[in-house]
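Data block below; observations after.
The values are calculated or read from the model by the stated rules, or taken from the named source; none is laboratory data. Keep in mind that what you see is a predicted model, and the values were worked out from it rather than measured. Neighbour counts are summed over all protein chains in view; Cβ atoms, including those assigned to glycine, are modelled from backbone coordinates with ideal geometry. Keep in mind that these areas ignore ligands, DNA and RNA; they rest on the heavy atoms of the full protein, side chains included. Shrake-Rupley method; radii C 1.70, N 1.55, O 1.52, S 1.80 Å.
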Amino acid sequence: MEVSMKKLVVFLMLLFVACALFANGQDEAASQETVKPITMRFGHYAAEDHPGNIAALQFAKNVEERTNGAIKVEVYPANQLGSPPEILEQNIVGAIDMSLPTQGALDKYSKKFAAVMLPFVFRDYEHVYKVLDGPFMEWAAPDLEEQGLVFLSNWEYGFRNLTNNVRPVETPADVEGLKIRTPPELQLQAAMEACGANVTKISFSELLLSLKQGVVDGQENPLSVIYHYKVYEVQKYLAMTRHVYNSMVHVMSKKVWDELTPEQQTIIREESEKSSALMRQAIQDSEADLAQKLEEVGMTITYPDTSLFKAQMQPAYDRIGEYAGQENVEKFLEMVEMF
């Protein structure tokens with residue numbers, strides 16, 4: 001009887017252990033089924049071979065590796081998800097998770113970004129980064145949060161330069177009367193009009209055809225765009241005016257951000273900053289090389305005295321002040337003068 005009782009106790013103990021192991025296995029299986037990788041859609045407008053897309057791909061790769069596959073980032077370059085304004089709007093409403101708008105796109109939602117594109121306000125790239133990565137970012141980030149976006153970091157795009165098919169540009173007088181295409185951004189329009197150009201707003205997708213057909217005489221963009229989008233095929237003259245600086249700004253949905261762990265948030269921000277550094281270095285390293293390549297394919301390049309252009313910018317500053325708010329312009333100029 002005593003032996004039978006011991007056997008029963010042992011049997012019950014083994015049964016209990018087996019049930020516990022089975023239940024634990026079921027819990028782990030259920031956990032594995034419910035904890036699925038987060039997949040983020042990252043849309044932007046840079047061409048596939050542009051430094052902006054190369055930086056985006058690095059970001060996606062590093063985030064997936066550092067999160068052990070818990071976060072996957074799908075990159076959609078070259079306006080695959082819509083035009084730049086459409087991509088930003090999708091990001092704001094949560095239809096996509098990340099984007100790379102310029103300050104010109106973001107100023108529709110926060111007028112502080114409009115001040116970044118004041119013509120001839122920055123000396124060089126180092127000056128830009130001290131302002132944008134420091135006091136400006138701290139100043140503007142809360143505005144983006146109100147729109148449902150997290151301001152991760154400033155990437156790059158570059159100083160904008162002027163091309164046309166009519167004549168070389170050495171002075172503002174050479175711009176007078178030219179039909180120049182700009183994006184739908186007041187700062188760029190105001191800068192060109194302050195030099196006497198006749199400005200037309202044409203979507204980027206229609207730009208090359210418009211230049212080829214003579215609808216407009218010229219356009220303005222960073223060297224990387226002029227080269228990678230083959231603007232040189234339909235333009236003869238390039239003037240290194242460096243009239244306005246703007247950059248891609250890496251933003252993501254705040255709703256998605258708030259669902260991440262603190263560790264994942266740190267990884268996202270750190271990798272965003274690393275991709276910013278990669279793109280910035282690539283753009284700067286390539287500028288001299290791109291200028292040489294553009295000469296080799298037949299463009300005539302001039303290097304105007306930009307102080308002559310800056311001297312004519314007061315009408316542009318007045319118009320930008322009306323649009324951005326004079327208090328925002330003054331605050332931004334204070335930041336510029338800090339460095």
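Answer with yes or no whether Lys201 is of a type outside the set (Phe, Trp, Tyr), surrounded by fewer than 17 Cβ atoms within 10 Å (Cβ to Cβ), within 24 Å of the chain's Cα centre (by Cα) and at positive phi. For Lys201, the condition - of a type outside the set (Phe, Trp, Tyr), surrounded by fewer than 17 Cβ atoms within 10 Å (Cβ to Cβ), within 24 Å of the chain's Cα centre (by Cα) and at positive phi - is not met.
Looking at Ala311, Ala316, Ala324, just one residue is of a type in the set (Gly, Ala, Ser) and more than 28 Å from the chain's Cα centre (by Cα), and that residue is Ala311.
Within the bounds of segment 23-46, is there any residue that is at pLDDT below 95, under 17 Å from Val225 (Cβ atoms) and out of contact with any helix residue (DSSP H, G or I) (no Cβ under 8 Å at 6 or more places or on another chain)? Within segment 23-46, none of the residues are at pLDDT below 95, under 17 Å from Val225 (Cβ atoms) and out of contact with any helix residue (DSSP H, G or I) (no Cβ under 8 Å at 6 or more places or on another chain).
With respect to (1) surrounded by fewer than 14 Cβ atoms within 10 Å (Cβ to Cβ); (2) under 26 Å from Ala70 (Cα atoms), the lone exception for Ser272 is condition (1). Of the residues making up segment 52-111, those that are part of a loop (DSSP other than H, G, I, E, B), free of Cβ contacts under 8 Å to residues at least 24 places away in the same chain and more than 25 Å from Val225 (Cβ to Cβ) number 2.
If Arg123 satisfies all but one of (1) closer than 19 Å to Trp257 by Cα; (2) surrounded by fewer than 23 Cβ atoms within 10 Å (Cβ to Cβ), what's the number of the condition it fails? For Arg123, the exception is condition (1). For segment 97-113, a residue qualifies if it is over 15 Å from the mean Cα position of the chain (by Cα) and buried (at least 23 other Cβ atoms within 10 Å of the Cβ), and exactly one does: Lys112. Residues that are open to solvent by less than 10 Å² (accessible area, probe 1.4 Å) and under 24 Å from Leu308 (Cβ atoms) within segment 217-234 comprise Gly218, Gln219, Glu220, Asn221, Pro222, Leu223, Ile226, listed in sequence order. Scanning segment 274-314 for residues that are outside any helix (DSSP H, G or I) and among the aromatic types (Phe, Trp, Tyr) yields a count of 1.
Here's the yes/no breakdown for (1) of a type outside the set (Ser, Thr, Tyr); (2) open to solvent by less than 10 Å² (accessible area, probe 1.4 Å); (3) within 24 Å of Gln189 (Cα to Cα):
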residue: Gln292; (1), (2), (3): yes, no, no
residue: Glu295; (1), (2), (3): yes, no, no
residue: Ala316; (1), (2), (3): yes, yes, yes
residue: Ile320; (1), (2), (3): yes, yes, yes
residue: Gln326; (1), (2), (3): yes, no, yes
residue: Glu330; (1), (2), (3): yes, no, yes
residue: Glu337; (1), (2), (3): yes, no, no
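Checked against (1) touching a residue at least 24 places away in the same chain (Cβ under 8 Å); (2) surrounded by fewer than 18 Cβ atoms within 10 Å (Cβ to Cβ); (3) among the aliphatic types (A, V, I, L, M); (4) touching a strand residue (DSSP E or B) at 6+ places or on another chain (Cβ under 8 Å), Ala141 meets all criteria but (1). A residue that is aromatic (Phe, Trp, Tyr), open to solvent by 20 Å² or more (accessible area, probe 1.4 Å) and modelled with pLDDT of 95 or more cannot be found anywhere in segment 150-164. Restricting segment 181-224 to residues that are acidic (Asp, Glu) and closer than 24 Å to Gln326 by Cα, which is modelled with the lowest pLDDT? Out of the qualifying residues, it is Glu185.
The residue that is most open to solvent (accessible area, probe 1.4 Å), counting only those in segment 165-191 that are in contact with a Pro (Cβ under 9 Å, 6 or more places away or on another chain) and within 18 Å of Ile202 (Cβ to Cβ), is Pro184. In the set (1) open to solvent by 20 Å² or more (accessible area, probe 1.4 Å); (2) touching a Lys or Arg at 6+ places or on another chain (Cβ under 9 Å); (3) of a type in the set (A, V, I, L, M), the condition left unmet by Ile92 is number (2). Counting only residues that are open to solvent by 50 Å² or more (accessible area, probe 1.4 Å) and either out of contact with any helix residue (DSSP H, G or I) (no Cβ under 9 Å at 6 or more places or on another chain) or modelled with pLDDT under 95 (or both), segment 235-257 holds 2 of them. All told, Ala78 meets the bar of being surrounded by fewer than 17 Cβ atoms within 10 Å (Cβ to Cβ) and touching a Phe, Trp or Tyr at 6+ places or on another chain (Cβ under 8 Å).
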